[in-house]
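Worksheet: one structure, shown below.
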Amino acid sequence: MDRDLAALAAAHGVATSYEDWHRAERQVAPESVIGVLGLLGVDASTPAAVRAALAAVPAKQDLPGTVVVREGTARPLPGVSRITLEDGTGREVTEIPADLPLGWHRLRHGDREVTLVVVPEALPEPPETWGWMLQLYALRSAGSWGIGDLGDLRTFIENSHGAGLILLNPLHAITPTVPVPPSPYSPSSRRFANPLYLRVSDIPEYQRADPALRTKIDALRPAPTDLIDYTAVWEAKRAALELLWPLAGPVERNADPGLTGFAEFCALAERHGANWQAWPADPGQPDDDRVDFHIWIQHLVEEQLAAANQAAAGMAVGVVHDLAVGIDPSGADGRLLRDVLAAGVHIGAPPDAFNQLGQDWGLAAWRPDQLIETGYAAYRDMLRRIFRHAGGLRVDHVAGLWRLWWVPPGLGPAEGTYVHYDPEAMLGILALEARRAGAVVIGEDLGTVLPEVTEGLERMNMLGSAVLWFTRDWDDPDQVFIPAEDYPRNALASISTHDLPTAAGFLAGEQVRVRAELGQLAGPVEEERRTADADRAALLAALTEEGLITGASTPEEIVVAMHEFLARTPCRLVTASLYDVLGVLDQPNLPGTTDEYPNWRMPITTSLEQIAVDPRVRRIAGVLNARKGAE
């Protein structure tokens with residue numbers, strides 16, 4: 001690569017090489033680097049443009065747009081400056097003093113004023129407890145409307161058999177139009193919540209309604225279907241909300257400008273469609289009544305989230321939300337936060353053993369330079385809104401706080417490159433907002449991640465992820481499973497995840513059968529079957545070594561043994577999934593598929609009422625309640 005282009009890329013945090021899944025250094029094509037620089041507002045299209053852009057790179061600023069310091073740390077300043085604390089008090093200083101309180105302050109030097117954030121050195125140590133991993137949408141009960149809802153969540157919490165946490169799928173907001181996309185990991189907004197999860201009968205206006213109106217609303221409940229029909233559920237719940245809206249009181253629109261902006265987007269989307277990029281240049285003003293309607297809906301979701309959290313108040317951790325790695329660029333945050341997003345970029349992943357063409361997730365990415373210049377306000381506000389009703393937060397693809405794979409428009413996913421973020425800021429601000437909320441943080445750090453990711457999580461008392469299927473000695477020729485006692489302490493342990501085979505599916509080789517039917521296998525079917533058989537044999541050997549099974553153990557007994565294995569680990573948090581406990585064969589999501597597989601649409605066929613008294617659920621709860629240190 002041209003030396004000037006490489007220097008320009010380095011100045012803007014754009015990688016010109018990376019380590020691939022073979023642990024070999026791979027060079028990034030110049031056109032990829034040029035494309036990503038363009039997304040950062042840097043013209044590198046010609047050698048002359050590169051030289052001009054390189055000359056325009058400023059010398060290291062005395063004060064960047066945001067200064068992040070750890071609690072108890074001093075930092076020199078270029079001269080006499082003024083710090084204004086969060087509480088409005090101020091002082092003249094010549095250095096950032098070590099005694100500043102945690103929080104969001106302002107720092108002025110001369111004519112320049114920037115954001116000063118004091119972040120924790122670390123979070124408090126998380127408790128040691130166990131809990132349930134719950135795909136909320138998959139629950140079915142006598143009170144829900146075709147999809148698991150926040151009423152179901154409250155009921156599940158109340159019957160969780162001594163669990164200390166409930167880890168949910170993302171509950172991020174959709175654009176309230178049809179059709180409704182099923183994936184919870186491609187949201188319209190991560191700042192607001194999904195109204196599909198409303199329990200209609202818990203809405204105050206429904207409870208105040210006269211019998212005739214209630215009967216009319218009850219008749220809207222969708223009939224059960226084999227697969228979850230998100231569009232039908234939203235159409236039914238939206239119709240119910242429209243009938244209840246006249247009973248609602250006045251809405252305060254100025255109390256939360258961010259919410260008002262989101263509601264205005266929703267109202268305009270009803271008029272012009274879900275994709276704001278296809279709207280007319282002047283979409284006009286939204287109807288005031290529709291804006292108020294969508295503000296009211298979000299207030300309802302907030303109330304029901306608060307009720308679920310109140311039900312979890314006695315838990316060691318409580319409700320743990322899941323933060324998707326990005327947002328749909330055509331959705332609400334794609335429009336409302338576009339000043340801090342890279343226009344046109346998609347994030348994804350480079351080629352690996354399972355996805356040899358790379359991955360394009362179709363999600364928008366933060367612009368690191370704009371986050372710095374805006375004081376990370378959008379990132380902070382997103383976290384605050386989620387932590388408002390959370391005892392913890394799981395961060396999907398937590399390595400994205402360090403770097404993300406950007407795919408420029410017109411290029412394939414293998415033709416992207418990494419763009420680096422400031423982990424001191426990204427991780428520090430996450431820790432600050434979690435500390436203020438009294439919440440734990442769990443990073444999804446599966447697969448090949450940079451050593452500094454694992455080290456950073458460890459240093460901050462944030463937990464990593466230890467999945468049974470992946471916790472193996474990959475340097476051993478037999479890739480043996482690691483003994484329970486050797487699992488990491490600072491981790492959340494689980495058998496599987498939503499993207500991997502369930503316990504029953506793993507034992508039956510279901511992942512090979514399904515992928516073979518769909519043409520998703522990377523190699524010959526027999527080779528994949530041999531690999532699956534070897535994986536299963538290695539797991540059974542590990543469970544036998546622990547004295548948890550014998551050659552005569554049934555599949556059901558082996559699943560119990562898997563949980564007993566996790567219970568023996570030193571991991572601070574251990575979780576069980578209903579998919580594993582109830583013997584479900586199908587995994588919720590099959591990566592690499594869209595319509596070929598019913599991702600996110602398969603309900604758990606055992607009803608919530610049956611789950612509450614199911615002996616298999618009670619047995620696993622008993623195993624995990626017996627853990628040393630469990631709450």
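Summary of values
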item: So Gly348, is it modelled with pLDDT under 95 and surrounded by 18 or more Cβ atoms within 10 Å (Cβ to Cβ); result: yes
item: Candidate set from the stretch 119-138 (those that are over 29 Å from Gly375 (Cβ atoms) and of a type in the set (D, E, K, R)); member that is most open to solvent (accessible area, probe 1.4 Å); result: Glu125
item: Filter result for Pro101 (part of a strand (DSSP E or B) and out of contact with any helix residue (DSSP H, G or I) (no Cβ under 7 Å at 6 or more places or on another chain)); result: no
item: Pair list, Cβ < 6 Å and 6+ apart or interchain, from the stretch 478-503 residues that are closer than 24 Å to Arg459 by Cα to residues that are acidic (Asp, Glu) and at pLDDT 95 or above; result: Asn490/Glu458
item: Of the criteria (1) surrounded by fewer than 21 Cβ atoms within 10 Å (Cβ to Cβ); (2) of a type in the set (Gly, Ala, Ser); (3) touching a His at 6+ places or on another chain (Cβ under 9 Å), which one Ala343 fails; result: (3)
item: Pairs with Cβ under 7 Å, 6+ apart, first in the stretch 48-72 and in contact (Cβ under 8 Å) with a residue 40 or more places away in the chain and in a loop (DSSP other than H, G, I, E, B), second of a type in the set (D, E, K, R) and surrounded by 15 or more Cβ atoms within 10 Å (Cβ to Cβ); result: Gly65/Glu373
item: Glu92 part of a loop (DSSP other than H, G, I, E, B), open to solvent by 20 Å² or more (accessible area, probe 1.4 Å) and not hydroxyl-bearing (Ser, Thr, Tyr); result: no
item: Residue in the stretch 69-83 that is over 35 Å from the mean Cα position of the chain (by Cα), farther than 30 Å from His105 by Cβ and either open to solvent by 20 Å² or more (accessible area, probe 1.4 Å) or of a type outside the set (Asp, Glu) (or both) present; result: no
item: Filter result for Leu116 (open to solvent by less than 10 Å² (accessible area, probe 1.4 Å), assigned to a strand (DSSP E or B) and not polar (S, T, N, Q)); result: yes
item: Among residues of the stretch 28-47, those that are surrounded by 15 or more Cβ atoms within 10 Å (Cβ to Cβ), touching a residue at least 60 places away in the same chain (Cβ under 8 Å) and of a type outside the set (A, V, I, L, M, F, W, C), counted; result: 3
item: Leading residue by the ranking (most open to solvent (accessible area, probe 1.4 Å)) among those in the stretch 450-487 that are among the acidic types (Asp, Glu) and in a loop (DSSP other than H, G, I, E, B); result: Asp475
item: His294 under 27 Å from the mean Cα position of the chain (by Cα) and on the phi < 0 side of the Ramachandran plot; result: yes
item: Wholly within the stretch 568-631, helices (runs of 4 or more DSSP H) carrying at least 2 residues that are among the charged types (D, E, K, R); result: 615-625
item: Residue match in the stretch 422-438 (condition: in contact with a Ser or Thr (Cβ under 7 Å, 6 or more places away or on another chain) and either in a helix (DSSP H, G or I) or open to solvent by 20 Å² or more (accessible area, probe 1.4 Å) (or both)); result: yes
item: Pick from the stretch 564-605, criterion of a type in the set (D, E, K, R) and free of Cβ contacts under 8 Å to residues at least 60 places away in the same chain, ranking: surrounded by the fewest Cβ atoms within 10 Å (Cβ to Cβ); result: Asp595
item: Output for the stretch 1-31, where each listed residue is within 13 Å of Tyr418 (Cβ to Cβ) and either in contact with a Lys or Arg (Cβ under 9 Å, 6 or more places away or on another chain) or in a helix (DSSP H, G or I) (or both); result: Ala9, Ala10, Gly13, Ala15, Ser17, Tyr18, Glu19, Asp20
item: From Ala278, Ala263, residue being within 20 Å of Ile327 (Cα to Cα), of a type outside the set (Ser, Thr, Tyr) and buried (at least 17 other Cβ atoms within 10 Å of the Cβ); result: Ala263
item: Residues of the stretch 315-344 classified as within 26 Å of Ala390 (Cα to Cα) and at pLDDT below 95, total; result: 0
item: For Val441: the one exception among (1) part of a helix (DSSP H, G or I); (2) within 28 Å of the chain's Cα centre (by Cα); (3) of a type in the set (A, V, I, L, M); result: (1)
item: Whichever residue in the stretch 197-245 is of a type in the set (Asp, Glu) and in contact with a Leu (Cβ under 8 Å, 6 or more places away or on another chain) and, among such residues, is most open to solvent (accessible area, probe 1.4 Å); result: Asp202
item: Members of the stretch 470-502 that are among the hydrophobic types (A, V, I, L, M, F, W, C), modelled with pLDDT of 95 or more and under 18 Å from Glu546 (Cα atoms); result: Phe481, Ile482, Ala484, Ala493, Ile495
item: Contacts under 9 angstrom Cβ, first residue in the stretch 364-392 being among the hydroxyl-bearing types (Ser, Thr, Tyr), partner open to solvent by 40 Å² or more (accessible area, probe 1.4 Å), 6 or more apart; result: Thr374/Asp339
item: Test for Ser141: is it open to solvent by less than 10 Å² (accessible area, probe 1.4 Å) and touching a residue at least 12 places away in the same chain (Cβ under 8 Å); result: no
item: Neighbours by Cβ (under 7 Å, 6+ apart or cross-chain): first from the stretch 236-255, without any contact (Cβ under 8 Å) to a residue 60 or more places away in the chain; second assigned to a loop (DSSP other than H, G, I, E, B); result: Ala239/Leu220; Ala240/Leu220; Leu244/Ile203; Leu244/Ala209; Leu247/Ala209
item: Residue satisfying condition, being out of contact with any Lys or Arg (no Cβ under 9 Å at 6 or more places or on another chain), in contact (Cβ under 8 Å) with a residue 40 or more places away in the chain and over 23 Å from His397 (Cα atoms), within set Arg515, Arg459; result: Arg515
item: Verdict on Ala6 being more than 33 Å from the chain's Cα centre (by Cα) and open to solvent by less than 70 Å² (accessible area, probe 1.4 Å); result: no
item: Selection count, the stretch 522-563, where residues are open to solvent by less than 40 Å² (accessible area, probe 1.4 Å) and either without any contact (Cβ under 8 Å) to a residue 12 or more places away in the chain or closer than 16 Å to Gln479 by Cα (or both); result: 8
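The values are calculated or read from the model by the stated rules, or taken from the named source; none is laboratory data. Note that this is a predicted model, so its numbers are computed, not measured. Cβ: placed from backbone, ideal geometry, glycine included. Neighbour counts: every protein chain shown. These accessible areas exclude ligands, DNA and RNA; they are computed on the full protein's heavy atoms, side chains included. Shrake-Rupley method; radii C 1.70, N 1.55, O 1.52, S 1.80 Å.
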